[in-house]
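Worksheet: one structure, shown below.
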Amino acid sequence: MADTAAAAEQPKGPRPIIPFLVLDDPPYLAGIRCTHCGATYLRSGRVACAKCGEAGPFDDIRLSDHGTLYVYSIVHQSAPGIPVPYVAAIVDLPEQVAVRCTIVDVRPDPAALPYGMPVKMITRTVRTDKEGRDVVAFFFTPAS
Ligand SMILES: [Zn+2]
């Protein structure tokens, strides 16, 4: 009975594929900032600051949706059902946070992927879950 009631109260809208993606308008990546030293991280279950060692508290912050391409790899072989090639990358955000992501809407060619290239975050529905909700993921795409 309680399970049924809880299930009925579940939101029916889209859901993020990872917890630090917030599907606000516009969507954003959620971060946390150490109140002792200012070190910033993606929001997670972090219990202590890797820079100063303090156990918080951490302030919740909204990370920038623009960054720069730090490094990438063009992936030619992946799990079954995952289209290749794709560009697996690490993007640096202005808040000193590095984000693992996929770069989309760009040729998977080093000539089209200069290090330091400005990129911006976008979201896309990548599948539908078993409750019929859209599952939304984030990607980065060239900003210019
Ligand atoms: Zn700290």
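Observations on the structure shown:
- Projected-area mean, the stretch 85-137, by convex hull of Cα positions, square nanometres: 4.8
- Per-residue ³J(HN,Hα) for the stretch 114-126, Karplus 6.51 cos²θ - 1.76 cosθ + 1.60, θ = phi - 60°, Hz, x for Gly and Pro: x, 4, x, 4, x, 9, 10, 7, 9, 10, 9, 6, 9
- Charges were assigned to the Cβ only: +1 to each Lys and Arg, -1 to each Asp and Glu. The resulting dipole of the chain about its Cα centre is roughly 240 debye.
- The stretch 5-95: translational diffusion in µm²/s, Stokes-Einstein, Kirkwood Rh over Cα pairs, 20 °C, 1.002 mPa s: 134
- Among GLU95, GLU131, GLU54, the residue with the largest mean-square fluctuation in a Gaussian network model of the chain, with springs joining Cα atoms closer than 10 Å, is GLU131.
- Cysteines in the chain lacking a second Cys C-beta under 4.7 Å: CYS101
- In the elastic network of the chain, a GNM with C-alpha springs shorter than 10 Å, the most mobile of ALA79, ALA89, ALA55 is ALA79.
- In the chain, the portion of solvent-accessible area held by carbon and sulfur atoms comes to 54 percent [1.4 Å probe, whole percent, DNA, RNA and ligands not counted].
- Placed amide H near GLU54: partners under 5 Å, 5+ positions off or other chain: CYS49
- Inter-part distance, the stretch 41-56 to the stretch 110-142, computed on C-alpha centroids, equals 26 Å.
- Residue-averaged [θ]222 nm for the chain, counting only DSSP H segments that reach four residues, each worth -39500 (n - 2.57): -1000 deg cm²/dmol
- Where the stretch 1-128 is the region considered: accessible area per residue in Å², 1.4 Å probe: 63
The values are calculated or read from the model by the stated rules, or taken from the named source; none is laboratory data. What you are looking at is a predicted structure, and each value in this text was computed from that prediction instead of being measured. Don't worry about glycine lacking a Cβ; one is built from the backbone with ideal geometry, like all the others, and counts go over all protein chains shown. These accessible areas exclude ligands, DNA and RNA; they are computed on the full protein's heavy atoms, side chains included. Shrake-Rupley method; radii C 1.70, N 1.55, O 1.52, S 1.80 Å.
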